[in-house]
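Participant: Below you will find the structure I want to go over with you.
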Amino acid sequence: MTAEATTEDHWVTTVSEREGSSAPAWRRAHLSVQQRVERGRSSRKVAPRSAHGQWRPGPGRLDPVALLEDQAQDRVAELVPVRYGRMSASPFAFYRGGALVMAADLATTPVSGVTVQLCGDAHLSNFGLFGSPERRMLFDINDFDETLPGPWEWDVKRLAASFEVLGREKGFSAAERRDVVLTAVAEYRRRMREAAGLPTLEAWYDHLEAAQLLKLFRQQVRVKKLTRDEARRAAKTVSDAYSRDSTRVLSKRTSKDGGDLRIVADPPLIVPIEDLVVPGSEWENPTPLIKRLLASYRRTLSHHGHPLEEFRYVHAARKVVGVGSVGTRCYILLLVGRDHQDPLFLQVKEAQASVLERFLGPSRQSHHGERVVAGQRVMQAATDIFLGWQRIKGLDGVNRDYYVRQFQDWKGSLDTDHMHPAGTGIYARVCGATLARAHARWGDRIAIASYLGTSDSFDQAIADFSVAYANQTERDYATFLKAIGSGRIAAARGI
C-alpha cells in the first residue's frame with residue numbers, strides 16, 4: 001500500500017482518518033484494545049515490515065531541482081539564492097532543505113494505513129530544547145511547518161535517513177552509521193510499545209525534561225559509552241538555553257533611536273520593516289497596521305486574560321531563519337511591557353501549504369497558520385502560550401497565512417557536530433523516543449505497536465532504506481550543485 005493508492009482495509013482508511021471530525025476514525029469508532037491490536041497485525045499483510053527497506057527511484061521520479069524551483073515561486077525572490085547557498089553546503093544541508101523532495105519520494109513507498117499527526121520534516125535538527133509555560137526545560141520536536149496527518153512511517157524514515165546522511169558527513173563507518181540508525185528506530189519501536197500499554201492520559205502527558213536528558217548522558221559516561229567532554233557539552237547546551245530569551249535578543253539585536261528601541265539592520269538577514277515598505281502604499285506607516293494585526297492575533301490565544309495584553313508594539317523587521325524556510329516571509333516583532341528592560345520578541349512566520357499536501361490531499365484547516373498551530377499543539381508535550389495565527393495582507397498586497405510564537409524561549413539544540421558515533425547514537429535514541437511520544441498522542445499507538453512487534457524486522461528494514469535513500473540524497477545533491485554551476489539556479493554562499 002502506498003499513500004498514492006490507499007486501499008480500504010476492514011478497520012479504517014487513511015483518508016477517513018483525515019476527514020470529518022478532528023478525531024481520527026479509530027477513536028470515533030471506539031475500537032477495543034484487541035481490535036486495535038488486530039488492526040496493527042493485519043496491516044503487516046498490507047505492508048510487510050521488510051518492505052520498508054526498499055527504495056528505488058521510479059522512471060517517473062520528479063526532478064529534485066524542478067521541485068525546489070517550483071517551491072521558490074511564492075518565496076521572496078532576493079532570498080531564494082540564500083536558501084540555495086545554505087543547501088549547497090553539504091548533502092546534509094541539502095537534505096534539511098529538501099523536505100518536498102523526500103515527500104515526493106515517500107509518497108511512492110509502502111505504508112501500513114495507520115495515520116498519525118506528522119511533523120512532516122522530522123530530521124534530526126528539528127528536535128531541541130525549549131521552555132514550557134510551567135518554566136520547565138523540555139526536549140521535543142520544534143518545527144511544524146509541514147505538519148499534517150499522514151502515514152507514521154514517513155516521519156520515521158525522514159528521521160532515520162537524516163542520521164545516515166549526517167554520519168557520512170562526519171566520517172562514521174558504515175557499521176557505525178547503521179548502529180546509530182538502528183538505535184533510533186529501535187527506541188521508537190520500544191517507546192511506542194510502552195505507550196501502547198499506558199493509560200490514555202499518561203500517554204498524552206509523557207514528556208522528556210532536560211534534567212532527564214542530562215541524567216541519561218551521565219549514565220552513558222559511567223558505562224564508558226560517552227566521553228566526559230560530550231556530557232559536558234550537553235550540560236553547557238542546557239545551561240546556555242536558559243539564557244536564550246527576549247532579554248538576550250534585546251541586547252544583541254536592538255539599539256536606541258530617538259528614545260525608543262529599534263531592531264538593528266543586518267541585511268539581507270535582518271531588514272527593518274521601514275526599509276521594506278513602498279512609499280504611498282497602505283504599509284507606508286506600518287505601526288497602526290501591525291497594532292491592529294496584533295489585536296486580531298490575540299483572538300487566537302486564550303479568551304481570557306493573557307500576558308500579551310500588557311505589552312505594546314515597538315518595532316518589526318524581516319529576519320531570515322533556517323535552511324528550508326529561507327525565502328518564506330518571516331518577521332520578528334519587538335514589544336515591551338513595563339519598560340524597555342521588559343521585552344517580548346515574537347516571530348511571525350509565513351505558513352505555506354505543507355509539502356505533504358500535494359501527496360496526501362489538502363489540510364482540514366483552510367488557514368495554514370492554524371494548521372501549524374493545531375499540529376504543534378497535538379504533537380508537543382507543552383506548547384508556547386503565544387502560539388497563534390493570523391492572515392496578513394502583505395507588503396505586495398497579497399494575503400498570506402502566518403503563525404506567531406515567541407522568537408526565543410530557552411531554545412537550544414544539542415551539538416551533533418562534535419559528537420562521536422556513541423554520542424550520536426544517544427542523541428538518535430532520544431529523538432526516536434521523542435518522535436514515538438508525539439505520534440502516540442493522536443495516532444493509534446496500540447495498532448502501531450502491534451504492527452512493529454517485538455522483533456527488529458522493521459528496524460533492519462529502515463536501516464536498509466536509510467542507506468539507499470542517503471545514496472539518493474548524494475545523487476540529488478550532485479544534481480543540485482550541477483544546476484548551480486550551470487547557472488540554472490543562483491546560490492549565495494556564506495550568508
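The values are calculated or read from the model by the stated rules, or taken from the named source; none is laboratory data. Quick caveat: nothing in here was measured; it's all calculated off a predicted structure. Here the Cβ is made from the backbone with ideal geometry for all residues, glycine too, and neighbour counts use every protein chain on show.
Participant: Which condition number in (1) of a type in the set (Asp, Glu); (2) more than 21 Å from residue 122 (Cα to Cα); (3) in contact (Cβ under 8 Å) with a residue 12 or more places away in the chain; (4) part of a loop (DSSP other than H, G, I, E, B) is the one that residue 384 fails?
Facilitator: Here residue 384 meets the rest and fails (2).
Participant: So which pairs qualify, if the first residue must be in region 133-160 and part of a loop (DSSP other than H, G, I, E, B), the second must be aromatic (Phe, Trp, Tyr), the Cβ gap must be under 9 Å, and the two must be at least 6 apart or on different chains?
Facilitator: Correct list of pairs: 135/410; 142/127; 142/130; 143/127; 144/403; 145/403.
Participant: Restrict the check to region 190-204 and report whether at least one residue is in a loop (DSSP other than H, G, I, E, B), at pLDDT 95 or above, basic (Lys, Arg) and closer than 23 Å to residue 157 by Cβ.
Facilitator: no
Participant: Restricting region 310-322 to residues that are over 18 Å from residue 264 (Cβ atoms) and modelled with pLDDT of 95 or more, which is surrounded by the most Cβ atoms within 10 Å (Cβ to Cβ)? Before you say what the answer is, go through the steps one by one.
Facilitator: First, pick out the residues of region 310-322 that are over 18 Å from residue 264 (Cβ atoms): 310-312, 322.
Filter again for modelled with pLDDT of 95 or more, leaving 310-312.
Details: 310: 13, 311: 19, 312: 11.
Out of the qualifying residues, it is 311.
Okay, residues lined up against (1) surrounded by fewer than 19 Cβ atoms within 10 Å (Cβ to Cβ); (2) of a type outside the set (A, V, I, L, M, F, W, C); (3) modelled with pLDDT under 95; (4) closer than 23 Å to residue 150 by Cα:
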{"site": "337", "(1), (2), (3), (4)": "yes, yes, no, no"}
{"site": "344", "(1), (2), (3), (4)": "no, no, no, no"}
{"site": "369", "(1), (2), (3), (4)": "no, yes, no, yes"}
{"site": "379", "(1), (2), (3), (4)": "no, no, no, yes"}
{"site": "383", "(1), (2), (3), (4)": "yes, yes, yes, yes"}
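Participant: Return the residue satisfying two criteria in turn: it lies in region 261-291 and is assigned to a strand (DSSP E or B) and either of a type in the set (Ser, Thr, Tyr) or touching a strand residue (DSSP E or B) at 6+ places or on another chain (Cβ under 6 Å) (or both), and of such residues it is farthest from residue 397 (Cα to Cα).
Facilitator: Start the filter on region 261-291 by keeping residues that are assigned to a strand (DSSP E or B), which leaves 261-263, 266, 270-272.
Now narrow it down to the ones that are either of a type in the set (Ser, Thr, Tyr) or touching a strand residue (DSSP E or B) at 6+ places or on another chain (Cβ under 6 Å) (or both): 261-263, 270-272.
Values: 261: 28, 262: 25, 263: 24, 270: 21, 271: 19, 272: 18 Å.
The qualifying residue farthest from residue 397 (Cα to Cα) is 261.
Participant: Let me ask another. Do we have any residue at all in region 192-215 that's of a type in the set (Gly, Ala, Ser), surrounded by fewer than 17 Cβ atoms within 10 Å (Cβ to Cβ) and either outside the structural domain of residue 424 (by TED's automatic domain parsing) or under 26 Å from residue 449 (Cβ atoms) (or both)?
Facilitator: Taking every residue of region 192-215 in turn, at least one turns out to be of a type in the set (Gly, Ala, Ser), surrounded by fewer than 17 Cβ atoms within 10 Å (Cβ to Cβ) and either outside the structural domain of residue 424 (by TED's automatic domain parsing) or under 26 Å from residue 449 (Cβ atoms) (or both).
Participant: If you check 155, 140, which single one turns out to be buried (at least 23 other Cβ atoms within 10 Å of the Cβ), closer than 14 Å to residue 431 by Cβ and within 19 Å of the chain's Cα centre (by Cα)?
Facilitator: After applying the criteria, what remains is 155.
Participant: Got a number for residues in region 290-300 being crowded, with 16+ Cβ neighbours inside 10 Å and without any contact (Cβ under 8 Å) to a residue 60 or more places away in the chain?
Facilitator: 2
Participant: Let me ask you something else. Can residue 107 be described as under 15 Å from residue 355 (Cβ atoms), assigned by TED's automatic domain parsing to the domain that holds residue 481 and within 20 Å of the chain's Cα centre (by Cα)?
Facilitator: yes
Participant: Anything in region 330-362 that is in a strand (DSSP E or B) and either closer than 20 Å to residue 143 by Cα or of a type in the set (S, T, N, Q) (or both)? List them, or say none.
Facilitator: Initially, region 330-362 is screened for residues in a strand (DSSP E or B), giving 330-336, 343-350.
Scanning region 330-362 gives 330, 331, 332, 333, 345, 346, 347, 348, 349, 350.
Participant: Further question: So which residues in region 272-289 are within 21 Å of residue 344 (Cβ to Cβ) and touching a residue at least 40 places away in the same chain (Cβ under 8 Å), if there are any at all?
Facilitator: Taking region 272-289 first, the residues within 21 Å of residue 344 (Cβ to Cβ) are 272-274, 286-289.
Within region 272-289, 272, 273 qualify.
Participant: Also, I was wondering about something else. Cβ-Cβ under 6 Å, sequence separation 6+ or interchain: first residue in region 99-121 and in a helix (DSSP H, G or I), partner at pLDDT below 95 and not basic (Lys, Arg). Which pairs?
Facilitator: 99/324; 104/62
Participant: What is the residue count in region 1-51 for residues that are among the small types (Gly, Ala, Ser), touching a strand residue (DSSP E or B) at 6+ places or on another chain (Cβ under 9 Å) and modelled with pLDDT of 85 or more?
Facilitator: The total comes to 2.
Participant: Would you mind stating whether residue 163 is touching a Cys at 6+ places or on another chain (Cβ under 9 Å) and either in contact (Cβ under 8 Å) with a residue 24 or more places away in the chain or outside the structural domain of residue 437 (by TED's automatic domain parsing) (or both)?
Facilitator: yes
Participant: Okay, moving on. Do the conditions hold for residue 252, that is, is it in the same structural domain as residue 441 (by TED's automatic domain parsing), outside any loop (DSSP other than H, G, I, E, B), surrounded by fewer than 16 Cβ atoms within 10 Å (Cβ to Cβ) and within 27 Å of the chain's Cα centre (by Cα)?
Facilitator: Values: in the same structural domain as residue 441 (by TED's automatic domain parsing): no; outside any loop (DSSP other than H, G, I, E, B): yes; surrounded by fewer than 16 Cβ atoms within 10 Å (Cβ to Cβ): yes; within 27 Å of the chain's Cα centre (by Cα): yes.
Spelling it out, it is not the case that residue 252 is in the same structural domain as residue 441 (by TED's automatic domain parsing), outside any loop (DSSP other than H, G, I, E, B), surrounded by fewer than 16 Cβ atoms within 10 Å (Cβ to Cβ) and within 27 Å of the chain's Cα centre (by Cα).
Participant: Which of the residues spanning region 430-457 are surrounded by fewer than 24 Cβ atoms within 10 Å (Cβ to Cβ), over 20 Å from residue 204 (Cα atoms) and of a type outside the set (Gly, Ala, Ser)?
Facilitator: Answer for region 430-457, where residues must be surrounded by fewer than 24 Cβ atoms within 10 Å (Cβ to Cβ), over 20 Å from residue 204 (Cα atoms) and of a type outside the set (Gly, Ala, Ser): 454, 456.
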